[in-house]
1. Work through the residues other than Glu104 whose Cβ is under 14 Å from its Cβ and net out their charges, Lys, Arg +1 and Asp, Glu -1.
2. If r is the Cβ-Cβ distance from Ala184 to Lys151 and R0 is 56 Å, what FRET efficiency results, to the nearest 0.05?
3. For a quick check: sort Cys108, Cys61 by the number of other beta carbons within 10 angstrom, fewest at the front.
4. Once the piece of chain linking Arg57 and Asp126 is laid out straight, how much longer is it, given 0.36 nm per residue of separation minus the C-alpha distance between them?
5. Would you mind pulling out the separation of the Cα centroids of region 161-185 and region 83-147, in Å?
6. Residues of region 113-142 with amide nitrogen under 19 Å from the 7 Å Cα-to-Cβ point of Leu287?
7. Label 7 Å along Cα→Cβ of Ile196; region 223-238 residues with amide nitrogen under 15 Å?
8. Within region 1-20, which residues have the backbone N less than 18 Å from the label spot 7 Å out from Asp46 along Cα→beta-carbon, could you tell me?
Amino acid sequence: MIIDLPSTTTSQINSKLVRLRDEGGATTLGRVLTLVIVTEDGQRTDAAIDAANDASREHPCRVIVVARGARKAAPRLDAQIRVGGDAGASEVIVLRLYGELANEGASCVMPLLLPDTPVVAWWPFDAPAAPSKDPIGQLAQRRITDSAAEKNPIKALEARRAHYAPGDTDLAWTRLTLWRAMLASSLDLPPYDKIIDAEVSGEADSPSSELLAAWLAAYLKVPAKRFKATSGEGIVHVKLDRKSGAVELNRPDGKVGTLEQPGQPSRRIALQRREVRDCLAEELRRLDPDEVYEVALKSLGKVVRGRTPAAKPAAAPKKAEEPAPKAEEPAAEAPKAESANGDAPKKAKGRAKAKAGS
């Protein structure tokens, strides 16, 4: 059920929610948190709401969507309440803010927060440089961003490192869960040699590739090189060098990965690129700071940018010419052997003159 409330106020929205609870039962008493989604008003707003609805089936919550509209319009608040089948296992409140209200999202959100429940803020697309200093970010215990969805993912990731605060996280890090699990489990099998080098290949603008290389550099304490993949999406290839042989995890098609390591048969692994709803549901499972993400984020400076080594040019065919003089040596010795015959030296001299002129 979808209820539209044009040109309304937060008190009228609360009153409508109370009436809906009285009519439909205690639907709001089982919520475990409040999820605040901050985005620009447009077609992508519904995509973020759909992802939150899917995540709410694992984490029942109240979803408040702050959709900022035209700044030059007259100040106005248009609300929409979604419950039942249109809201998954949650209740969705969409606040469309226009004019000066577009910059006052925190003031409109505060009266609608569930009491005594944690608050999680999510910027599905463009996020502020310092989420912890944003007015809505200051209301939240956890702040979720997605650098891969921004115009310049690598630059956005650098901004996350510069302005990190406990409670921050990024979905580019969440997409690494399966990769980190497979690489860690592969080192539990013999031979137990020390890793001496690490390489990560992926798209040039893949923030997940950057974070994976930084994680390997931080916890393995080895040089981690980051290469640009010539094909494939996201992370394509990871290689951990050891004296006994390399551990390699390759995913060229973005769906199925292949794990190869010494002494073990090649294994095919499901490594399909994760959807936003799956990453969001995983992040909502914890409300404490992610220390491992913090270490990886601060280790981005340890990653070495590399290029795919070019093929070595073919050596000059010197060796092919070396046997030639050896083959001619018997011909040069022939006049000495036949020096007893007066005609033989003359014939040899005639042959040498013919070769010199060819």
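1. Its environment carries a net charge of +2.
2. 0.95
3. Lowest count first: Cys108, Cys61.
4. 22.3 nm
5. If we compute the Cα centre of each part, the gap is 22 Å.
6. What the label zone holds, given the 19 Å backbone N cut-off, is 113-123, 132, 136-142.
7. In region 223-238, the label zone of Ile196 (backbone N under 15 Å from the point 7 Å along Cα→Cβ) covers 223-224.
8. Only 1-5 pass the distance filter.
No value in this document is a laboratory result; all are computed from the given coordinates. The structure presented is a predicted model; accordingly, all values stated were derived computationally and were not measured. No Cβ is skipped: glycine too gets one built from the backbone with ideal geometry, and neighbour counts run over all protein chains shown.
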